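The values are calculated or read from the model by the stated rules, or taken from the named source; none is laboratory data. A quick note: this is a predicted structure, and the numbers were derived from the prediction, not measured. A quick note on method: Cβ atoms are made from the backbone with ideal geometry, for glycine too, and the neighbour counts reach across all protein chains shown. Accessible surface is based on the protein model in full, side chains and every heavy atom, while ligands, DNA and RNA are left aside. Shrake-Rupley method; radii C 1.70, N 1.55, O 1.52, S 1.80 Å.
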Amino acid sequence: MILSELQVNDQAIIVKIKGRGAFRKRITEMGFVKGKKVKVIKRAPLKDPVIYEIMGYEVSLRNSEASLIEVITELEVIKNTENTESKNLVNEEFLLQKATEKGKTINVALVGNPNCGKTTLFNHASGSQEHVGNYSGVTVDAKSAKFKHKGYTINIVDLPGTYSLSAYSPEELYVRNYIFSEFPDIVINVIDSSNIERNLYLTTQLIDMDIKAVIALNMFDELEKKGDKFDFEKFGKMVGFPVAPTVSSRGRGIHYLMDKVIELYEDNDPYYRHIHINYGNNIEERIKIIQEKIKQNISLTDKFSSRFLAIKLLEKDKNVNELIQVCENKSEILNTVYKSIEILEKSLKEDSETLVTDAKYGFIAGALKETYKDSPNLILKNSSKKIDSFLTHKLLGFPLFILIMWIMFQATFTLGKYPMGWIDNLVNLLGNWVNNNLAASSFKDLLIDGVIHGVGGVIVFLPNILILFLFISLMEDTGYLARAAFIVDKLMHKIGLHGKSFIPLIMGFGCNVPAIMSTRTIESRNDRILTILINPFMSCSARLPVYILIIGAVFPNHSGNILFSIYIFGIIIAALMAILFKKTLFKAKDIPFVMELPPYRMPTIKNTTKHMWSKATQYLKKMSGVILIAAIIVWALGYFPRETNYTKDYNNIKNSLKNELITQNSTTANIISINEKIREVNNSMKAEHLENSYIGRIGKFIEPVMSPLGFDWRMSVSLAAGITGKEIVVSTLGVLFQAEGSPGLNNQTLIYKLKNTTKNSTSKEKLFNPLTALSYLVFVLIYFPCIAAIAAVKKETGTWKWAAFTVFYTTALAWILAFLVQIIGKLFL
Amino acid sequence: MIYDIFTAIILISAIVIAIIMIYKSFKAKKNKGKDCHDNCNCK
Ligand SMILES: Nc1nc2c(ncn2[C@@H]2O[C@H](COP(=O)(O)OP(=O)(O)OP(=O)(O)O)[C@@H](O)[C@H]2O)c(=O)[nH]1
Ligand SMILES: [Mg+2]
């Protein structure tokens with residue numbers, strides 16, 4: 001509870017004082033200290049200010065001040081105590097104990113440059129599994145977790161990386177708003193030690209803000225490896241923040257860091273103090289004048305340091321400008337600011353923003369000069385450069401990139417084939433076992449035709465997906481992904497996008513949903529929407545099972561190459577659409593952009609396996625969730641209604657065949673051929689039943705639209721079911737192609753069945769001929785991204801308009817292209 | 001007979017779960033959509 005929420009005569013115990021340093025100091029001097037009892041005496045007619053009794057004195061506080069004081073009341077404790085016995089025991093002592101307990105919860109926020117290891121630190125400290133990668137802009141959302149350390153509960157929040165806290169890009173604004181609205185007790189400023197100077201720029205802004213921060217000197221191993229020397233204790237004393245070196249990828253130093261957090265939280269840190277960065281006489285003078293004007297608005301300065309606001313105003317910060325709007329003397333403040341900027345720019349002949357930035361870098365350079373010693377050893381520093389001279393070579397870079405991609409898809413297919421076969425055999429063994437051990441019933445049909453054929457059909461592709469993710473994860477962790485973005489940057493410019501759009505596109509190979517979310521790093525709204533619109537053409541891993549199934553059935557000899565081509569085709573379509581959109585919907589100028597190239601890093605086995613593991617569990621969860629449900633529903637739609645008016649009397653035919661079996665002199669050849677006939681009759685019967693079932697009727701209804709593409713009703717239905725998730729295309733095919741394969745384990749697989757299915761029972765023409773298969777692959781690649789992706793489009797663009805547009809244009813495009821495949825293909829074949 | 005009851009139970013629960021899933025995804029969409037708009041100024 002917050003102090004300002006208390007009613008007259010309510011009593012409470014103070015748990016925590018939030019807000020910036022100067023405010024806390026003033027409030028504490030008035031007697032508002034943790035663990036003290038406070039009582040509301042009287043409210044002024046307009047409710048503000050309120051008179052409180054504390055330590056026997058009466059003190060008046062404004063609501064804006066009281067809202068920064070966290071308290072706990074008797075009522076609150078009783079509500080949260082389940083134990084009735086202790087409910088009666090709520091006395092002052094108990095309350096105090098609860099207050100101390102609650103006061104031992106520390107809210108910590110991780111703030112730092114992109115790619116400095118915040119998420120790695122977060123994961124290690126709290127045991128979470130958030131996404132980590134060696135490039136900028138991995139985290140785009142706040143993620144929180146809780147853990148215990150030395151009796152304290154630490155609520156830690158991972159934030160997107162930012163170079164500064166100005167309000168230039170969405171991330172910067174996001175982080176700043178987070179600090180200003182949530183008032184974390186402690187900010188951990190994570191710093192990449194191998195790049196200290198640039199990282200400290202953000203630190204200077206935290207200094208200005210007058211908040212409690214601990215510096216985590218992350219990647220300290222890289223600094224040590226370079227042989228540089230950094231006297232961080234002395235540095236900490238200079239800037240007034242405690243400093244803790246960490247290597248979060250190995251978990252080194254995190255305990256010590258948390259010790260420091262607690263120490264600072266309890267105000268026991270010997271080094272912590274609020275310093276002022278000296279901006280030079282001219283600027284300092286102007287800051288003072290503006291500060292005086294701001295200080296008249298106490299409700300604002302309770303929350304924000306007036307010095308910080310003044311500096312930001314001098315930097316022409318739009319967002320702070322808005323904050324000022326609540327002030328009564330806002331025009332006076334703004335006039336002073338304009339005048340100050342004019343005076344400064346005239347006398348110093350520089351833009352006021354540059355002046356402030358220069359002063360900050362001057363401060364950093366000064367502090368480092370006294371504490372940082374570069375190692376004379378230059379060789380190690382350049383190893384990344386050496387690798388880069390090869391991998392991002394002007395001529396070689398692009399072919400190498402293509403080669404790496406090609407190897408990736410070949411491996412996905414060839415290496416994946418073996419474990420895929422094993423899982424397939426297991427699924428079939430299970431199916432046979434159920435078949436032999438359960439009496440015929442609807443339940444048995446549900447298990448075999450619905451669950452085992454449906455889910456089993458998808459589960460076999462787990463190894464392929466893991467292999468693909470292994471490659472993507474390795475590319476991410478080594479830092480090659482950022483190079484790839486750099487390599488294609490030039491090409492991206494040609495299609496009207498910049499390299500920053502490349503990372504969301506590559507992430508799309510995994511799943512389009514996080515990829516669409518990661519477009520948040522793109523500042524320009526037009527570029528962002530454009531990237532979102534073409535993202536679905538990046539073939540996500542859910543589509544992989546469909547490709548492998550169809551390619552395995554129809555193109556077994558060129559599998560890797562065809563798979564690679566499908567992905568490349570998706571990329572080409574994305575590029576063409578980008579050019580088209582840029583010419584029609586979003587006529588915008590290019591914004592120059594610097595792609596950050598992180599140093600190459602060795603991927604750790606721990607991180608990679610963790611990544612694989614979380615992918616695998618995610619996939620299995622999906623199997624037991626959406627895909628299982630969809631398979632059951634598809635099965636039911638195919639199972640009912642039970643009565644079918646068959647065109648032939650199948651039972652009669654079967655009986656006569658069986659009689660033949662008994663009467664004929666049974667040579668083995670004869671038995672086999674008769675059994676084969678029985679199987680065929682069974683299959684025809686099943687097929688006819690399926691056609692008359694509900695799903696068959698749905699399929700027949702949409703078939704006319706799809707038949708120009710060469711798809712029969714079953715393929716059409718599978719595509720329709722696939723809008724819930726593309727794996728469901730496979731599980732639906734698994735349920736619909738129920739026809740029994742010939743005896744023998746391998747002949748039961750879905751691939752085998754697809755390979756041998758004919759267009760209808762009378763013709764010998766194969767349903768999946770190469771052309772139809774190709775049309776089908778193209779259609780699956782391009783049509784309707786799954787519902788989750790559409791939801792993400794809606795969420796990120798903020799309107800249904802773009803979501804609906806994505807649905808229609810992708811599906812229309814898919815139809816047209818699949819049709820073109822048919823037409824052009826027929827010309828050549 | 002008993003097996004048919006099994007089937008019926010499974011089918012009904014599958015349909016219920018499907019409805020809950022659809023409902024949930026729509027609800028989550030709403031909240032998060034708002035979040036993004038407040039926070040990241042993506043307009
Ligand atoms: N050598 C070394 N590498 C580290 C350390 N901490 C993190 N890394 C690596 O640095 C890379 C970036 O880590 P992340 O945790 O994703 O960085 P981040 O700060 O969350 O990045 P954004 O979310 O993009 O802002 C990963 O490849 C990590 O494995 C460290 O202490 N030493
Ligand atoms: Mg991160």
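Based on the Cβ-Cβ distance from A:Ile275 to A:Thr799, what FRET efficiency comes out when R0 is 56 Å, to the nearest 0.05?
Approximately 0.75, to the nearest 0.05.
Give me the angle, in degrees from 0 to 90, between the Cα long axis of helix A:281-294 and the longest principal axis of the Cα atoms of chain A, rounded to the nearest 10.
The angle comes out at about 80 degrees.
Report the percentage of all Cα-Cα pairs in the range A:615-713 whose separation exceeds 16 Å, rounded to a whole percent.
Tail fraction, whole percent: 70.
When the convex hull of the C-alpha atoms of the range A:3-99 is computed, what volume per residue in Å³ does it have?
93 Å³
How would A:Ile407, A:Ile459, A:Ile516 rank on accessible area, largest to smallest, probe 1.4 Å?
Largest accessible area first, the residues go A:Ile407, A:Ile459, A:Ile516.
Return, for the Cα atoms of chain A, the radius of gyration and Dmax in Å, separated by a comma.
Computed over the Cα atoms of chain A, radius of gyration and Dmax are 33.5, 114 Å.
Protein chains only, probe 1.4 Å: how do A:Ser60, A:Ser306 rank by accessible area, largest first?
Sorted descending by solvent-accessible area, the residues read A:Ser60, A:Ser306.
What whole-number value in Å² describes the accessible area per residue of the range A:281-378 for a 1.4 Å probe?
53 Å²
About its Cα centre, what dipole magnitude does the protein assembly as shown give when the only charges are +1 on Lys and Arg Cβ and -1 on Asp and Glu Cβ, stated in debye to the nearest 20?
Here the size comes out at about 1180 debye.
Tell me the total accessible area that A and B bury against each other, 1.4 angstrom probe, in square angstrom rounded to 100. Walk me through the intermediate numbers first.
Working: alone 38130 and 4300 Å², together 40380 Å².
Chain pair A/B: roughly 2000 Å² of buried accessible area.
Mind ranking A:Tyr694, B:Tyr3 by accessible surface for me, highest first, 1.4 Å probe?
Values: A:Tyr694 105, B:Tyr3 65 Å².
These residues rank, largest area first, as A:Tyr694, B:Tyr3.
Sorted from largest to smallest, which semi-axis lengths in Å does the alpha carbon gyration tensor of the range A:383-441 give for its equivalent ellipsoid, taking the root of 5 times each eigenvalue?
With the √(5λ) rule applied to the range A:383-441, the semi-axes are 50, 10, 7 Å.
Once phi is turned into θ = phi - 60°, what whole-Hz ³J(HN,Hα) does the Karplus curve with 6.51, -1.76 and 1.60 give for every residue of the range A:262-270, x standing for Gly and Pro?
Working through the residues one at a time gives 5, 4, 5, 4, 7, 6, 9, 7, x Hz.
Limiting things to C-alpha atoms, what are the Rg and the maximum Cα-Cα separation (Dmax) for the range A:305-458, in angstroms?
For the range A:305-458, the Cα radius of gyration and maximum Cα-Cα distance read 34.1, 95 Å.
Under a 1.4 Å probe, what is the accessible area of the range A:1-141 per residue, stated in Å²?
Details: 6830 Å² over 141 residues.
For the range A:1-141, the per-residue accessible area is 48 Å².
Rounded to whole Å, give me the distance from the Cα center of the range A:454-529 to that of the range A:93-148.
With the range A:454-529 and the range A:93-148 each reduced to a Cα centre, they are spaced 26 Å.
With runs of 4+ DSSP H residues as the only contributors, calculate the mean residue ellipticity of chain A at 222 nm using -39,500 (n - 2.57) per run, divided by the residue total and rounded to the nearest 500.
-18500 deg cm²/dmol
Nearest 10 degrees is fine. How inclined is helix A:92-103 to the longest principal axis of chain A, computing both from alpha carbons?
70 degrees
Identify the trypsin sites (Lys or Arg not before Pro) of the range A:638-676 meeting these criteria: DSSP loop state and at most 13 other C-beta atoms within 10 Å of the C-beta.
In loop regions of the range A:638-676 (DSSP not H, G, I, E or B), the sparsely surrounded trypsin sites (Lys or Arg not before Pro) are A:Arg642, A:Lys648.
I'd like the antiparallel share, as a percent to the nearest 5, of DSSP beta bridges with both residues in the protein assembly as shown. Don't skip to the answer; put the middle values down first.
Numbers: 29 of 49 bridges.
So the antiparallel bridges in the protein assembly as shown amount to around 60 percent.
So in the range A:72-199, what percent of DSSP beta bridges are antiparallel if you round to the nearest 5?
Bridges in the range A:72-199 that DSSP calls antiparallel: roughly 40 percent.
Once you put a point 7 Å from the Cα of A:Lys373 and another 7 Å from the Cα of A:Glu285, both along the Cβ direction, what distance in nm separates them?
According to this spin-label approximation, the distance is 4.2 nm.
For A:Lys143, go through the aspartates and glutamates and keep the ones whose alpha-carbon is under 19 Å away, minus same-chain ones fewer than eight residues off.
A:Glu130, A:Asp158, A:Glu171, A:Glu172, A:Glu182, A:Asp185, A:Glu796, B:Asp35, B:Asp38
For A:Ile653 and A:Ser763, FRET efficiency with R0 = 22 Å and r from the beta-carbon atoms, rounded to 0.05?
E(calc), rounded to 0.05, equals 0.65.
Which whole-number value in Å³ per residue fits the convex hull of the alpha carbons of the range A:148-196?
Per-residue hull volume (Cα only) is 99 Å³.
Could you check the simple spin-label distance between B:Tyr23 and A:Glu266, using points 7 Å along Cα→Cβ, in nm with one decimal?
4.9 nm
Could you calculate the FRET efficiency of A:Lys25 with A:Arg62 from 1/(1 + (r/R0)^6), where r is the beta carbon distance between them and R0 is 22 Å, rounded to 0.05?
E between A:Lys25 and A:Arg62, to the nearest 0.05, is 0.85.
Counting C-alpha atoms alone, how compact is the range A:104-265: give Rg to one decimal and Dmax as a whole number, in angstrom.
Considering the range A:104-265 through its Cα atoms, Rg and Dmax are 14.2, 41 Å.
Relative contact order for chain A using alpha-carbon pairs under 8 Å, separation at least 6, rounded to a whole percent? Write out the running numbers ahead of the final one.
Details: 1220 pairs, mean separation 79.6, N = 829.
Contact order relative to length: 10 percent.
Post the alpha-carbon centroid distance, the range A:202-276 to the range A:1-67, in whole angstrom.
Taking the Cα centre of each part, the range A:202-276 and the range A:1-67 sit 32 Å apart.
What part of the accessible area of the protein assembly as shown, given as a whole %, is carbon or sulfur when the probe is 1.4 angstrom?
Answer for the protein assembly as shown is 61 percent, counting heavy atoms of protein chains only.
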